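The structure appears right after this line, and notes come after that.
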Amino acid sequence: MSSRRSAHALSSGAQVATEENRRSDQRLGVGPEVAGHLCENCILPSGMASGSARRGGARLANLLHGYLNSSSTATSASWSQTGIAAREIAPFGARMASNQIVRNRMKSVRSIQKITKAMKMVAASKLRGVQSKTEDSRGLWQPFTALLGDSPGVDAKKKIIVTISSDKGLCGGINSTSVKFSKALMRLTAASGPDKQASYVVIGEKGKAQLQRDSKKNIRMFVTETQKLPINFSLACALADEIMQKVEFDAIHLVYNKFQSVVSFLPTVATILSPETLAAGSEEGKLGELDSYEFEGSETRAAVLQNLSEFQLASVLYNALLENSCSEMGARMSAMDNSAKNASDMLEKLTLSYNRSRQAQITTELIEIISGAAALEASS
Amino acid sequence: MLSGSRQALRVGLRAWGRPTAGAIQRSFASEATAPAAEDEQSNEFLKQWASVAPNLDKPRLPSSYMKARPPAPATIPSKLTVNLALPHRFEVADKEVDMIIIPATSGQMGVLPGHVPTVVELKPGLLSIHEGDDVQKMFVSGGFAFIQKNSFADLVVVEAVPLEQIDAEEVKKGLAHYSQLVNTASSDLEKAQAQIGLEVHSAMSVALGA
């Protein structure tokens, strides 16, 4: 009898609380332990829930606590996991609380949807800016490749793998792709001979984080915050200068994502040979024809080759940085777009379940009131 | 056999409609999987790649992003095809001209169709492109020029401005400024910078005067 009255008080008190909650989100009406669990699930600051429990929900909290402890551990554990499942397995008094859980989830999902939509817009506008720059820069490296050809499988003792990645995350899988390709190149170098060694130069925070996990000793140099200012040729020149001074190499492999379209990014490996390797030449391909070229300019052929190699590195690096930046913006656009879509789907489902539980609750209250009134009439 | 005909189709289409400078090269969907590796070494590399990383896609090579260049013709062609590339712009793309005069470090050099294949270092100076009676003059900064066997001239420079856009007054001021800096420069770096400025400005004044 007393339990029935307390349950009745709980339900009516809860109804009032829910009405008020709809107008002003002051009292959550949940116990502090439950509030603690809720906070993990609903991305709320935990102080807010416990504060409201202090204000008005303490009475309800004690009742809830009693009900929770009496139920099995399985139900309480699963109840704390998903707010929606609470309806089916929770004890009687906690029905009101599940509504609140769903409301909180809806709020957080709505804010996530707004944020991801905004991030998509920002990425789209940045992409427009960088894309025209990238397309204009594509002419810069073509003469070098037309002259020297492409020699990715060059037989060089010391190789540098320059991995270009982004500084910020939430951009899909392009950084993992670059890192995977760099690691495969490293394996290829190791497999090609015992005296061949390769090391990394990482540009970008994300690539560095991923490569540091298992190849920390192989990273010779890393560069971050390349995108704080717009990328221009002087930046590429400065980077190329740094690489050439600090690290000795026979060949450089540049791993980047080429921007083909907003949904398609092609991992590319560009190869730049050091002046010594160029001078050594090779029997086949474009490089073999280099001997037939006259060299004008500096006094010796070697000096011209040195300048050529440096200029090539700067040009290819400039183009690679721009292409990777474009790919990053495009990938971020599609990632945030998917995220916003998922959030809106989730919001729809949550809204439906929330409305269902709210209506069921109202129906139950009405039935109780009516049956109570009918019982009174029958007895009188 | 099928891939051979596809290759021929691809090369044929490439020679047909050369897209405008800077346009995105869109390949057919069937080509999207296999990157075009035109020489033995690249094929060898891709095979090794497949053995080391069988689950990864093959990487693309930059040569697959370029238009194919025609091979060296038997007779000397009548026109020279010029490409002038800047970091921020494709200035001249596949333009067929009669002659160009480029500012090599060893002096002005004229290039006609059928020139010996050469790799030239460029210093800041005047570049002129002659097509018939039409002469286009530009002031270019340092860079490189490759004269290929098939009468293609590729120029890669950091900056190029049409001569009309250079202000003679500014050039004189710069000349005075940098010659003063050369005398007062203290460290090697400053001296080098001042000398570079002086060279560029004197080249500009020579180009304007010529």
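FYI, it's all coordinate maths here, none of it is from the lab. Since we're looking at a predicted model, the values are computed, not measured. Cβ coordinates were reconstructed from backbone atoms using ideal geometry, including for glycine residues, and neighbour counts include every protein chain displayed.
Quick one: Debye curve from the C-alpha atoms of segment B:80-164, no solvent, what's log10 I(q)/I(0) at q = 0.14, 0.18, 0.24 Å⁻¹? The calculated log intensity ratios at q = 0.14, 0.18, 0.24 Å⁻¹ are -0.39, -0.66, -1.27.
Provide a whole-number value for the mean count of partner chain Cβ atoms within 10 Å of the Cβ atoms in peptide A:109-119. Before the final figure, lay out each step's value.
Details: counts 0, 0, 0, 0, 0, 0, 0, 0, 0, 0, 0.
What the average comes to for A:109-119 is 0.
The residue B:187 and residue A:291 beta-carbon pair, evaluated with R₀ = 51 Å, returns a calculated FRET efficiency of approximately 0.80.
Partner chain Cβ atoms within 10 Å, averaged over the residues of B:89-102 - can you pull that number for me? Write down the numbers at each step before the final one.
Details: counts 5, 7, 2, 1, 2, 0, 0, 0, 0, 0, 0, 0, 0, 1.
What the average comes to for B:89-102 is 1.
Distance between the 7 Å Cα→Cβ label points at residue A:338 and residue A:248: 4.6 nm. With both labels modelled 7 Å from their Cα along Cα-to-Cβ, the residue B:69 to residue A:213 distance reads 4.3 nm. Lys and Arg at +1, Asp and Glu at -1: add these up for the other residues within a Cβ distance under 10 Å of residue B:96 and post the number. Its environment carries a net charge of -1. Note on segment A:132-339: antiparallel DSSP beta bridges, both residues inside, total approximately 40 percent of the bridges counted.
Based on Cα atoms of segment A:187-321, Rg over Rh with Rh as the Kirkwood radius reads 0.99.
Inter-label distance, residue A:196 to residue A:276: 1.7 nm, where each label sits 7 Å from its Cα along the C-beta direction. Distances between every pair of Cα atoms in segment B:166-209, grouped in 10 Å steps from 0 to the bin holding the largest one, split as 34, 48, 17, 1 percent. Over 31 Å apart at the Cα level, from the set A:133/B:191; A:180/A:246; A:159/A:206; B:67/B:137; A:120/B:67, are A:133/B:191; A:120/B:67. Other residues with beta-carbon under 14 Å from the beta-carbon of residue B:48 carry, at +1 per Lys or Arg and -1 per Asp or Glu, a net charge of +2.
Given a Förster distance of 51 Å, report the FRET efficiency between residue A:367 and residue A:346 from their Cβ-Cβ distance, rounded to the nearest 0.05.
Details: r = 32 Å, r/R0 = 0.62.
Efficiency at R0 = 51 Å is approximately 0.95.
When the alpha carbon gyration tensor of segment A:256-380 is reduced to an equivalent ellipsoid, its three semi-axes come out at 79, 11, 9 angstrom, largest first. Here the calculated FRET efficiency for residue A:261 and residue B:96, from their Cβ-Cβ distance with R0 = 30 Å, stands at 0.45, rounded to the nearest 0.05.
Please compute the net charge surrounding residue B:177, taking Lys and Arg as +1 and Asp and Glu as -1 over other residues with Cβ under 15 Å from its Cβ. For residues surrounding residue B:177, the net value is -2. Peptide B:117-129 has a mean of 3 when you count, residue by residue, the C-beta atoms of other protein chains within 10 Å of its C-beta.
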